[in-house]
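J.: The following block contains the structure, expressed as structure tokens.
The values are calculated or read from the model by the stated rules, or taken from the named source; none is laboratory data. Since the structure is predicted, the reported quantities are computational estimates derived from the model, not experimental observations. Ideal geometry is used to build each Cβ from the backbone, glycine not excepted, and the neighbour counts take in all protein chains shown. Heads up: the accessible areas ignore ligands, DNA and RNA and are worked out on the full protein's heavy atoms, side chains in. Shrake-Rupley method; radii C 1.70, N 1.55, O 1.52, S 1.80 Å.
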Amino acid sequence: MGREDFARSTRSLCRRDPAIARLVRATGPCTLGGRPADSNFGSLVRAIMYQQLAGRAAAAIHARYLGLFDGRGHTPEAVLALSDTQLRSAGLSNAKVASVRDLATKATDGTINLRSLARLPDDEIVARLSAVRGIGRWTAEMFLIFQLGRPDVWPVDDLGVRNGFALAHGLAAAPTPRQLEAEGERYRPYRTTAAWYCWRAVHLSRGQV
């Protein structure tokens, strides 16, 4: 989906849910749908880097990691040419070294064809990516949203989406994943846009919009 598609989905959601309409007025248009800044491989590596780390720390490690390639290109083959010691020198933990190496291995041996992922349905992409060490459903869903621009992703395990839904609808507590799954039915086939505005509700509550 491009920017115009997300604008169309926003208009549709505003007609269905006054809470979304209020968020749109308060926070502005959805900015999803731009051209990806990185390759599919690079996007997944970055997601691994940012897991369970504060943004600044993760960004510093990611920058040092990219510096290891010294203009040679950040490809699965280039990753496999590095030693574990070199990868750890950038600040990667042993677990993240194993995850990045497993992703690179599966991308080169044909287990996962990263170039053809965009032709697969959402559930198949989640299943294939979840076979990589360190990549679970949440990471795969973020890839669907921010890298592939898929329109109907509803990450019910994401605490930000759950909290944002509660804030937007004046709930005393965040819904459980099962409850949020049911609530999301009204937003099909535009659940990605609804999730994005739930995140914006959290930012708005923190004065970050």
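J.: I need the full set of residues from the range 132-155 which are open to solvent by 20 Å² or more (accessible area, probe 1.4 Å), hydrophobic (A, V, I, L, M, F, W, C) and touching a helix residue (DSSP H, G or I) at 6+ places or on another chain (Cβ under 7 Å), in order please.
T.: So in the range 132-155, the residues open to solvent by 20 Å² or more (accessible area, probe 1.4 Å) come out as 133-134, 136-138, 142, 146-148, 150-152.
Filter once more, so that each one left must be hydrophobic (A, V, I, L, M, F, W, C): 138, 142, 146, 148.
Within the range 132-155, Met142, Leu148 qualify.
J.: For the range 98-114, state whether one or more residues are part of a loop (DSSP other than H, G, I, E, B) and touching a residue at least 12 places away in the same chain (Cβ under 8 Å).
T.: yes
J.: Further question on the same structure: If you scan the range 45-58, which residues turn out to be within 22 Å of Val132 (Cβ to Cβ) and either exposed (fewer than 15 other Cβ atoms within 10 Å of the Cβ) or touching an Asp or Glu at 6+ places or on another chain (Cβ under 9 Å) (or both)? Please lay out each step first, then the result.
T.: Of the range 45-58, the ones within 22 Å of Val132 (Cβ to Cβ) are 45-53, 58.
Val45, Arg46, Gln52 - these are the residues of the range 45-58 that are within 22 Å of Val132 (Cβ to Cβ) and either exposed (fewer than 15 other Cβ atoms within 10 Å of the Cβ) or touching an Asp or Glu at 6+ places or on another chain (Cβ under 9 Å) (or both).
J.: Sticking with this structure for a sec: Could you go through the range 69-79 and let me know if any residue there is of a type outside the set (Phe, Trp, Tyr), part of a loop (DSSP other than H, G, I, E, B) and within 21 Å of Ala131 (Cα to Cα). Explain how you work it out, then say what you get.
T.: Step one: of the range 69-79, the residues of a type outside the set (Phe, Trp, Tyr) are 70-79.
Now drop any that are not part of a loop (DSSP other than H, G, I, E, B), which leaves 70-75.
Going one step further and asking which of them are within 21 Å of Ala131 (Cα to Cα), we end up with 75.
Checked against the condition, which is being of a type outside the set (Phe, Trp, Tyr), part of a loop (DSSP other than H, G, I, E, B) and within 21 Å of Ala131 (Cα to Cα), the range 69-79 yields at least one hit.
J.: Here is a further query. Restricting to the range 169-190, give me the number of residues that are open to solvent by less than 20 Å² (accessible area, probe 1.4 Å) and either in contact (Cβ under 8 Å) with a residue 24 or more places away in the chain or polar (S, T, N, Q) (or both).
T.: 3
J.: Determine if the range 20-32 includes at least one residue that is open to solvent by 40 Å² or more (accessible area, probe 1.4 Å), out of contact with any Asp or Glu (no Cβ under 6 Å at 6 or more places or on another chain) and over 20 Å from Ser205 (Cβ atoms).
T.: So the first thing to find is which residues in the range 20-32 are open to solvent by 40 Å² or more (accessible area, probe 1.4 Å), and the list is 22, 25-26, 29, 31.
When the remaining residues are screened for being out of contact with any Asp or Glu (no Cβ under 6 Å at 6 or more places or on another chain), the result is 22, 25-26, 29, 31.
Applying the additional criterion that residues be over 20 Å from Ser205 (Cβ atoms) yields none.
Within the range 20-32, not a single residue is open to solvent by 40 Å² or more (accessible area, probe 1.4 Å), out of contact with any Asp or Glu (no Cβ under 6 Å at 6 or more places or on another chain) and over 20 Å from Ser205 (Cβ atoms).
J.: Further question on the same structure: Going through the range 200-209 one residue at a time, which ones are without any contact (Cβ under 8 Å) to a residue 40 or more places away in the chain and assigned to a helix (DSSP H, G or I)?
T.: First pass over the range 200-209, keeping only residues without any contact (Cβ under 8 Å) to a residue 40 or more places away in the chain: 205-208.
Residue satisfying the conditions is Ser205 alone.
J.: Among the residues of the range 146-168, is there at least one that is farther than 22 Å from Arg3 by Cα, without any contact (Cβ under 8 Å) to a residue 24 or more places away in the chain and more than 18 Å from the chain's Cα centre (by Cα)?
T.: Looking for residues that are farther than 22 Å from Arg3 by Cα, without any contact (Cβ under 8 Å) to a residue 24 or more places away in the chain and more than 18 Å from the chain's Cα centre (by Cα), one finds at least one in the range 146-168, hence yes.
J.: Hey, can you tell me all the residues within the range 21-64 that are in a helix (DSSP H, G or I), of a type outside the set (Val, Ile, Thr), in contact (Cβ under 8 Å) with a residue 24 or more places away in the chain and under 22 Å from Pro76 (Cβ atoms)?
T.: Selection gives Asn40, Phe41, Gly42, Ser43, Leu44, Ala47, Met49, Arg64.
J.: Looking only at the range 105-112, decide whether some residue is touching a Pro at 6+ places or on another chain (Cβ under 7 Å), closer than 22 Å to Ala37 by Cβ, at pLDDT 95 or above and not charged (D, E, K, R).
T.: Within the range 105-112, the subset touching a Pro at 6+ places or on another chain (Cβ under 7 Å) is 107-108.
Those left that are additionally closer than 22 Å to Ala37 by Cβ: 107.
Retained after the next criterion (residues that are at pLDDT 95 or above): 107.
Checking the rest, the ones that are also not charged (D, E, K, R) come to 107.
Yes, that holds for at least one residue.
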